[in-house]
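Take a look at the structure set out below.
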């Protein structure tokens, strides 16, 4: 007999789930417990090369208060129903809003969206999980606050809580988001409410200004994990600088990446360039200006010749370096001189500033993101090939030029074997470097979808064998990536899970933790 | 168009009553109405907008007196979502048919989830020569009630070119129905032996080749469905342009044109043409049908 639910949690009968739904409706009201296919269809969309059925939720519930969440975890414990918590659910290419495992119930906190505090003197904010960057941006405008956000690519529609908890990054000097997190409120699986660090003191006003508190620093265990539900989140804001100078530097040869990274590293570590520097390959930016079918027909990876034709046609660099300077005019002038001298030594660099490029969309969206603006044009990369398939592969390395070519050669070999393109960028943090590959494929093509899965699997295997771990991954590959970090880390994570969530009701499978 | 008369009459009566009261059709019932009160076509600024609209307008003939209200996004959703949020707020009670490029579709889906819409179907459409089958259509629909594949297959089979159409249904209808299978001349039909059956309709190729084309590895356990007469969606309107055909099929389904529904969890139509295929420009887009 067909079930009235589109999926059920593993090991939970329809009768038990009925009872849980009745309890959730008592707490949240009928309208906030979604069980019909029509209501849940938008929670099922994924971009990964696995069947959507693997990630179909049983229901979605919408909570707006801490007290409701405390009751929700009580009901989950009673009926052994697992929940997958999302704040705004914009983990695009990493699993979106769909749960890690079929039948998990989505706890959607997007309506829990109050901006609780913004302090313009101390430059911090305290928000609920559903607050979006757009809300904060509008709030700053409305109240004429000279504050900047640091946003990831989905900017307007994403939010600081979810992005930081998944250890996402932005492009301003505050771009390492977890580094700028300060204070959390967490509902634990047993219903207790924990305020981390200084938040433990009833009368403290330092919750959002001093991260460490006393004793073990706990905030970290609530990121990329499933040990609690974060219901309040504090983070630091950047004071708007008097002068902002974004720039782009183009290089035309693939091998130039070594020189680029060697030039950037000392400038980043010294703070001359204060934001993470993006070095985007032409194919990463190509969707803004062209379509893949303009350059390739038939199966297989794009040829180097076609890539060079693309960059000639659209006046792009093969490598496109983006960074910015922030400060007073004097500071920016001095640092600009240092930057141009450093990059100018070899004679290969072509400098572009706002004055040079006009309304070029490639420069425009990068310049917007490096000032925390609301601009989602980076997602034009989904139009490059088209077909709705996207998987982010994100290995970390030392910020050394030699690492770039080694990683690129390895990645291109694996991608070419599976008929996929190298659509990548390097992001130089401080001493580390993220190598971000968006594996684009067409989900309407079963053969390509299968190849994409095998390719990603091989990338994780081969890169980890060389010592390159992924800093973040999608929900289909969390166990595999967790394995690459060794059995002891997995065992410790499991021990913590058992202690904090003995019934395993909170997002089982997140980061491979059950 | 062969129709299930009883279903159509029920739909017409329900639609008429709702029109008289002028309230959103889904206010009363758990499931969205088959026929909407008011339908909006949202064109996302893609290269296929015009062709899709042509097909959509053709589907309106005889289906709605009101016609289609059309909204146009000039340049997708990536640079700004401000206008879309306002539009969503102002369109409460309408059925939307939307066309987007792949990038805007991702953002659009996120926006509509926040707006608590009821998503009836989402289709991904492609013509490209980098795949074993050039014309590919993959739908995720909430139930067979809102399926589009049968209408589109009936249109495509009349014209040269191979195609694959797959549909995944989040929920099969709960009510027990007399189960007819879609059936059309030239097609061989099969259902998988599992409880939540998949139906596959193959033309011009074997079952195993059909399975391979849509990415199924297991070809055992399929049960042949005998040919039945007249249980397919006959063609009322035909276009040489494939995007127009998709616009027609999506809109016809959104407006409540009845088609043969099969009680299954997944459905596929695969056709291999013997004719030499005319090369066309690569095109990809996404369609949505939803109730606001």
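The values are calculated or read from the model by the stated rules, or taken from the named source; none is laboratory data. Just so it is clear, the model here is predicted, and its values are computed rather than measured. Note that each Cβ is placed from the backbone with ideal geometry, even for glycine, and that neighbours are counted across all protein chains shown.
The table that follows gives values for the structure above.
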read-out: Among the residues listed as B:52, B:135, the single one being in contact (Cβ under 8 Å) with a residue 60 or more places away in the chain, within 10 Å of chain A (Cβ to nearest Cβ) and buried (at least 17 other Cβ atoms within 10 Å of the Cβ); value: B:135
read-out: Candidates A:257, A:264, A:221 - the one that is in a helix (DSSP H, G or I), within 27 Å of residue A:470 (Cβ to Cβ) and not assigned by TED's automatic domain parsing to the domain that holds residue A:343; value: A:221
read-out: Residue within the range B:103-123 that is part of a helix (DSSP H, G or I) and more than 14 Å from chain A (Cβ to nearest Cβ) present; value: no
read-out: The lone exception for residue A:386 - which of (1) on the phi < 0 side of the Ramachandran plot; (2) in contact with a strand residue (DSSP E or B) (Cβ under 7 Å, 6 or more places away or on another chain) it fails; value: (1)
read-out: Given (1) buried (at least 19 other Cβ atoms within 10 Å of the Cβ); (2) within 11 Å of chain A (Cβ to nearest Cβ), index of the condition residue B:79 fails; value: (1)
read-out: Which listed residue, of A:287, A:271, A:364, A:300, is in a helix (DSSP H, G or I) and surrounded by fewer than 20 Cβ atoms within 10 Å (Cβ to Cβ); value: A:364
read-out: Qualifying positions in the range A:41-91 - under 19 Å from the mean Cα position of the chain (by Cα) and away from chain B (no Cβ under 14 Å); value: A:84, A:85
read-out: Test for residue B:252: is it closer than 19 Å to residue B:43 by Cβ and crowded, with 22+ Cβ neighbours inside 10 Å; value: yes
read-out: Conditions (1) surrounded by fewer than 19 Cβ atoms within 10 Å (Cβ to Cβ); (2) closer than 17 Å to residue A:441 by Cβ: number failed by residue A:357; value: (2)
read-out: Of all residues making up the range A:366-376, the number that are farther than 16 Å from residue A:90 by Cβ and facing chain B (nearest Cβ under 8 Å); value: 0
read-out: Single condition residue B:209 does not satisfy, out of (1) surrounded by fewer than 19 Cβ atoms within 10 Å (Cβ to Cβ); (2) away from chain A (no Cβ under 14 Å); (3) at pLDDT 90 or above; value: (2)
read-out: Qualifying residue in the range A:460-471 (condition: under 30 Å from residue B:125 (Cβ atoms), in contact with a helix residue (DSSP H, G or I) (Cβ under 8 Å, 6 or more places away or on another chain) and assigned by TED's automatic domain parsing to the domain that holds residue A:395); value: no
read-out: One residue from A:357, A:321 being modelled with pLDDT under 95, away from chain B (no Cβ under 14 Å) and under 19 Å from residue A:288 (Cβ atoms); value: A:357
read-out: Any chance residue A:135 is within 14 Å of chain B (Cβ to nearest Cβ) and either in contact (Cβ under 8 Å) with a residue 12 or more places away in the chain or not in a helix (DSSP H, G or I) (or both); value: yes
read-out: Test result for residue A:323, free of Cβ contacts under 8 Å to residues at least 60 places away in the same chain and buried (at least 19 other Cβ atoms within 10 Å of the Cβ); value: no
read-out: Residue within the range A:479-500 that is away from chain B (no Cβ under 14 Å), touching a strand residue (DSSP E or B) at 6+ places or on another chain (Cβ under 6 Å) and modelled with pLDDT of 95 or more present; value: yes
read-out: Residues (outside any helix (DSSP H, G or I) and within 14 Å of chain B (Cβ to nearest Cβ)) located in the range A:427-466; value: A:438, A:440, A:441, A:442, A:443, A:444, A:445
read-out: Odd one out for residue A:405 among (1) more than 15 Å from residue A:466 (Cα to Cα); (2) over 22 Å from the mean Cα position of the chain (by Cα); (3) not in a loop (DSSP other than H, G, I, E, B); value: (1)
read-out: Within the range A:303-316, considering residues that are out of contact with any helix residue (DSSP H, G or I) (no Cβ under 7 Å at 6 or more places or on another chain) and either touching a residue at least 60 places away in the same chain (Cβ under 8 Å) or part of a helix (DSSP H, G or I) (or both), the one nearest to the other protein chains (Cβ to nearest Cβ); value: A:306
read-out: Residue among A:445, A:432, A:457 that alone is more than 15 Å from the chain's Cα centre (by Cα), surrounded by fewer than 20 Cβ atoms within 10 Å (Cβ to Cβ), more than 30 Å from residue A:259 (Cα to Cα) and assigned by TED's automatic domain parsing to the domain that holds residue A:255; value: A:457
read-out: Answer residue from the range A:93-112, given it is touching a strand residue (DSSP E or B) at 6+ places or on another chain (Cβ under 7 Å) and within 15 Å of residue A:44 (Cβ to Cβ) and is farthest from the other protein chains (Cβ to nearest Cβ) among those; value: A:100
read-out: Entirely in the range B:200-292, the strands (runs of 3 or more DSSP E) that have 1 or more residues that are farther than 27 Å from residue B:105 by Cβ; value: B:222-225
read-out: Considering residues of the range A:1-20 that are more than 14 Å from every other protein chain (Cβ to nearest Cβ) and surrounded by fewer than 21 Cβ atoms within 10 Å (Cβ to Cβ) only, the residue nearest to residue A:100 (Cα to Cα); value: A:10
